[in-house]
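Take a look at the structure set out below.
The values are calculated or read from the model by the stated rules, or taken from the named source; none is laboratory data. Treat the numbers as computed from the prediction; the structure is a model and nothing was measured. Neighbour counts run over all protein chains shown; Cβ positions are idealised from the backbone, glycine included. The protein model used for the area step is the full one, side chains on, heavy atoms only, and it has no ligands, DNA or RNA in it. Shrake-Rupley method; radii C 1.70, N 1.55, O 1.52, S 1.80 Å.
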Amino acid sequence: MKRIYRSDSDRLIAGVCGGLGVSLGIDPTIIRALWVFGSLMSIGIGLLLYIILAVVLPERTIMTEDI
C-alpha cells in the first residue's frame, strides 16, 4: 500500500493535490480541478478538508546520497 505525502516539488499552496496526484497516478491538475469543484458544491467542506490534510500529511523529502 502506498503512503500519501504532500508534494515538495509539485505544489501551489501546500502540496496536498500534488501528493495525491502522484500517489494515485493522476495529473495533479485534474485533482485540483475536482477539488475546487467539490469545494464549491459542498459549501466549503473541501477547503476545511484541504487544511486538515495540509496539517496531517507528512511532506515527502527525497534524500540524496553524496557521490
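Model label points for Asp10 and Val55, set 7 angstrom from Cα along the Cα-to-Cβ axis, are 2.7 nm apart.
Computing Cα Rg over 2.2 N^0.38 Å directly from the structure and comparing it against (i) 0.96; (ii) 1.20; (iii) 1.94 singles out (ii). Once all protein chains are placed together, Val55 keeps about 120 Å² accessible to a 1.4 angstrom probe. Per-residue Karplus couplings for the range 25-31, computed as 6.51 cos²θ - 1.76 cosθ + 1.60 with θ equal to phi - 60°, are listed in order as x, 10, 4, x, 5, 5, 4 Hz, Gly and Pro entered as x. Across the options Thr29, Val16, Ile51, the greatest Cα extent toward the positive end of the charge dipole of the chain (unit charges at beta carbon of Lys, Arg, Asp, Glu) belongs to Ile51.
Estimated from helices alone, the mean residue ellipticity of the chain at 222 nm is -16000 deg cm²/dmol (sum of -39500 (n - 2.57) over DSSP H runs with n ≥ 4, per residue). Here the accessible area of the chain is 69 percent carbon and sulfur, with a 1.4 angstrom probe and all protein chains present. A Cβ-based charge dipole, computed about the Cα centre of the chain with Lys and Arg at +1 and Asp and Glu at -1, lands at about 280 debye. Scanning residues 5 or more positions from Glu59 or on other chains, those with amide H under 5 Å from its amide H are Arg6, with H placed 1.01 Å from N in the peptide plane. Solvent exposure of the chain, expressed per residue, is 79 Å² of accessible area, with all protein chains present and a 1.4 angstrom probe. In this simple spin-label model, placing a label point 7 Å from the Cα along the Cα-to-Cβ direction at both Ser23 and Arg3 gives a separation of 1.1 nm.
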